[in-house]
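Note sheet for the following structure.
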Amino acid sequence: MNKTKVSDLTQDLFQLFKQFSRVRWARKSHIGFKRSEYELLVILAFNLDADRKTMTVTDLSNLLRITPAGVTHLINPLEEAGCIERLQDPDDRRVVLIGLTDKGNEIAEKHFEKFHEKVKDLVDYLGEEDSKTLIRLMSSVIDYFSSQHKKSIS
């Protein structure tokens, strides 16, 4: 591919990424949680069940791909709102366990239902073939940038 074509494609992708980051996936609820706080609630709801009622901050950090300090920053307002609870690990007092309250579970379910509807509408708009292509391409983009990030760390 010639340099001009690569440059044009690079500029087009840059503009697309800028627009994509501005898309409003979800408005703040009447409660006023941030998107990242909703994500934490949904992650908890998906990963907790009758057998596993709590997660460690480290587990949440890995799933959300943010630092444990970042998780703690998200937990504070959710705990104040009565959506999550912090518990001490009975086996290791240094470990803090995070559990979802009934209120937090209800909010997570409602948020996921709204997101599911938006994505379902997108799938309907794009159609099955283009939706699969989008998934494949976006997965490749994530893989590429993840591998580049790993290379820059080493």
Candidate set from region 103-137 (those that are farther than 30 Å from I84 by Cβ and either modelled with pLDDT under 90 or basic (K, R) (or both)); member that is surrounded by the fewest Cβ atoms within 10 Å (Cβ to Cβ): R136
May I ask you to list the residues in region 70-95 that are modelled with pLDDT of 90 or more, within 18 Å of V57 (Cβ to Cβ) and in contact with a Ser or Thr (Cβ under 8 Å, 6 or more places away or on another chain)? G70, V71, L74, C83, I84, E85, L87
Could you list, in sequence order, the residues of region 57-84 that are assigned to a helix (DSSP H, G or I), hydrophobic (A, V, I, L, M, F, W, C) and surrounded by 15 or more Cβ atoms within 10 Å (Cβ to Cβ)? V57, L60, L63, L64, V71, L74, I75, L78
Considering residues of region 1-48 that are modelled with pLDDT of 80 or more, within 15 Å of K103 (Cα to Cα) and assigned to a loop (DSSP other than H, G, I, E, B) only, the residue farthest from the chain's Cα centre (by Cα): L48
Tally up the residues in region 68-103 that are touching a residue at least 40 places away in the same chain (Cβ under 8 Å) and among the small types (G, A, S), please. 2
Note on region 89-148: residues not in a helix (DSSP H, G or I) and not basic (K, R) are D89, P90, D91, D92, V95, V96, L97, I98, G99, L100, T101, G127
Within region 98-106, can one find any residue that is touching a Pro at 6+ places or on another chain (Cβ under 6 Å) and of a type outside the set (V, I, T)? no
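The values are calculated or read from the model by the stated rules, or taken from the named source; none is laboratory data. This structure is a prediction, so every number in the text was calculated from the model and none was measured. All Cβ positions, glycine included, derive from the backbone under ideal geometry; neighbour counts span all protein chains shown.
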